[in-house]
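Working notes for the structure below.
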Amino acid sequence: ISTAQAQKEGTIGVVLDEAAPQIVQQAEEQCIRAGITKERVSFFTKEEAALGVVGFRGDNLLRGNSVIFDYTKKRFICYEIRKTKDRVLVDSRDYTEQIKDAVANEEKDIAFLQIIKQALVRGVTATVYLCGEGFEGSWFKQSTKALCLGRRVFMSKHLFACGAVYLCENDKHVSRDEVVFAQNVTISQIGLVVHHHGRDMFCPLIMDGKPWKESRGEIEIFVSGVNGLIFEVRNRSGIKKASICMSLDGMKKDPNLVYKLRIQGEYIKADQCKIKITDLGFGQIRQASYQTWQQVIQLERGDYHE
């Protein structure tokens, strides 16, 4: 980096594979050592830079999705940018496991062809970009034929850098109301089936479609004759995907003994939700013990559907 020239030209966009606080801090320190003020630097994840690529290239998402295959020495990631009813969704999926053992050109070609079939199943994909040193050479002959069927296909070594520059030049601050980064969003509803007004109904504890760091919920229920609860994981359409049994050791399985339970849910990672249950007693009849039970639910993210 030519420090004087960089400062004179304005903002510098830096694209990070991971935006963990420690990594961002290290990148900031490197910029400071290079004589570049913190105000001159904007850091972007590859998901954000992918959004900039669409703007830089002028892709019309109303005509179809844009997909970036990023093949580096360490990873093979697919980034998909698509338009929903009122938002733009940026999704990333890791296909490293499916191609890491491919060594010969023919093996890589076959593996990439299978990845294409999996990655491009949703809606219409109008534009595809190939990026990264993994695409050097001419090993992807059969897979290229599949890619080019009704799609525009481009190759670029500096694609994410172009996206970052576009975001810097146009001062594009990502709005949560307009853009959703799927890897940061809860993809499932978590709750219980309860008996309410004479019928069974699903009571959500945590909703889907929200940033996982902000996703939490709390409900209170009355139970008797049980010493465990069954939580259901449902998709946005309400279809049950999994059931998780949470044992409440110490509770008496007595139908004549009523417990009032406070149930709290909170995401601790994008794919992990912590459930905490507290015994609140039952009015004057039974004093609260405030015994607590906790369990972490591991979620399979799979594909995010708007």
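The values are calculated or read from the model by the stated rules, or taken from the named source; none is laboratory data. Just so you know, these numbers come straight off a predicted model, no measurement behind them. All Cβ positions, glycine included, derive from the backbone under ideal geometry; neighbour counts span all protein chains shown.
With respect to the stated conditions, LEU205 fails to be out of contact with any Gly (no Cβ under 8 Å at 6 or more places or on another chain) and more than 30 Å from ALA50 (Cβ to Cβ). For LEU62, work out the one condition from (1) surrounded by 12 or more Cβ atoms within 10 Å (Cβ to Cβ); (2) of a type in the set (A, V, I, L, M, F, W, C); (3) under 19 Å from LEU51 (Cβ atoms) it doesn't fulfil. For LEU62, the exception is condition (1).
Take the conditions (1) more than 30 Å from VAL121 (Cβ to Cβ); (2) in contact (Cβ under 8 Å) with a residue 24 or more places away in the chain; LYS241 misses just one of them, which is (1).
In segment 27-53, of all residues being in contact (Cβ under 8 Å) with a residue 60 or more places away in the chain and of a type in the set (A, V, I, L, M), the one that is surrounded by the most Cβ atoms within 10 Å (Cβ to Cβ) corresponds to ALA50.
All conditions but one from (1) closer than 24 Å to GLY13 by Cα; (2) at pLDDT 85 or above; (3) aliphatic (A, V, I, L, M) apply to ILE110; the one that does not is (1). When the helices (runs of 4 or more DSSP H) confined to segment 95-149 are screened for residues that are in contact (Cβ under 8 Å) with a residue 24 or more places away in the chain and over 14 Å from LYS73 (Cα atoms), those reaching at least 3 such residues are found at 105-119, 141-147.
Looking at segment 45-62, can you tell me whether even one residue there is assigned to a strand (DSSP E or B) and either within 18 Å of the chain's Cα centre (by Cα) or not assigned by TED's automatic domain parsing to the domain that holds ALA161 (or both)? For segment 45-62, residues assigned to a strand (DSSP E or B) and either within 18 Å of the chain's Cα centre (by Cα) or not assigned by TED's automatic domain parsing to the domain that holds ALA161 (or both): present. Of all residues in segment 112-159, exactly one satisfies the criterion of being of a type in the set (Phe, Trp, Tyr), within 24 Å of the chain's Cα centre (by Cα) and either farther than 20 Å from ARG57 by Cα or surrounded by fewer than 15 Cβ atoms within 10 Å (Cβ to Cβ) (or both), namely PHE112.
Go through segment 63-76 and report how many residues are over 16 Å from ALA102 (Cβ atoms), assigned to a strand (DSSP E or B) and not charged (D, E, K, R).
4
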